[in-house]
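Structure first, then comments.
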Amino acid sequence: MRRFICVVLAICLLAGLFACVREELPEETSAETTTAKSTMVTTEMTATQFVPEPFQQTIKQRIHKSLPEFEFTLYGNAHIDADDDGEIYAIEISGKDFHQRLDAGFIFMWSSNIDCENYEFLFFEDYTNDGFLDFKLYRHMNRNGPSMFWIWDKDRRMFIESKRLREINASNRYALSVLEDGRLYAFTKEETDKGISWSDSYYGYIDGDFELVEKQMSYYTNREDIDGVSHYLEEVYKLIDGKMKLVSSTRKED
């Protein structure tokens, strides 16, 4: 009998201890609850971390002596994403009896040491060789794509975006430049069946569009030993009767 009572008391004691431990254990948190809380925190951090910083810049430029001075106003935002990008979303141009607004959508590399209100985003040159200044929107060493170009249409008295110039500039290893004779110069690297070519390309504004008029291709990987001296292959193409034709192929000393 005494043994039976001891067993009953032991069982009751164990039951009491189990109940106490159960009360002290924390509530289980489901995976869905944890994910929801994590998502909420991440969203709040993102919203506060990437707040666009609006900026506005106005410069004055006279594109031709027959026209009044224009004011070019850029509207944009700095620090728009995790990559520290910036954007210029519009350009407003105004002058005496003139007003035009251009949609840009230009994404550029931004950093905290750039004063967007004073940085030189616009660059004026005569790309069409007609005496009127055109302009490009650019950021030096831009990883987010090529510059954007607008040319002045003197017949319609307005700026027109040139996607052809943007395409030419995108393939250029350096900034597209205007030569003294009015042609545009681009330096490119190309892979051909003759090897890698370092090419000097020249463009002219013909019948309302930019056309390749001359190309010099230098194949430095296609070398030949002539009398103990290394020579590379150079080919020159020119626009003749509407087509690019080979006009010379020579070996030149390195």
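The values are calculated or read from the model by the stated rules, or taken from the named source; none is laboratory data. Computed from a predicted structure; not experimentally measured. All Cβ positions, glycine included, derive from the backbone under ideal geometry; neighbour counts span all protein chains shown.
Might you let me know whether region 222-233 holds any residue that is at pLDDT 85 or above, closer than 29 Å to Y127 by Cα and part of a strand (DSSP E or B)?
No, every residue in region 222-233 fails to be at pLDDT 85 or above, closer than 29 Å to Y127 by Cα and part of a strand (DSSP E or B).
Can you find a residue that is in contact with a Leu (Cβ under 6 Å, 6 or more places away or on another chain) and surrounded by fewer than 17 Cβ atoms within 10 Å (Cβ to Cβ) anywhere in region 141-159?
no
Step by step: first the residues of region 160-183, then only those that are modelled with pLDDT under 95 and part of a strand (DSSP E or B), then the one that is surrounded by the most Cβ atoms within 10 Å (Cβ to Cβ). Which residue is that?
So the residue we want is V178.
Could you list, in sequence order, the residues of region 153-184 that are polar (S, T, N, Q) and in contact (Cβ under 8 Å) with a residue 40 or more places away in the chain?
Taking region 153-184 first, the residues polar (S, T, N, Q) are 162, 169, 171-172, 177.
Within region 153-184, just S162 meets the criteria.
Just one of (1) touching a Lys or Arg at 6+ places or on another chain (Cβ under 7 Å); (2) more than 19 Å from Y127 (Cβ to Cβ); (3) crowded, with 16+ Cβ neighbours inside 10 Å trips up V247, so point out which.
Every listed condition holds for V247 apart from (3).
Could you identify the single residue in S94, S147 that is assigned by TED's automatic domain parsing to the domain that holds I80 and farther than 16 Å from T73 by Cα?
S147
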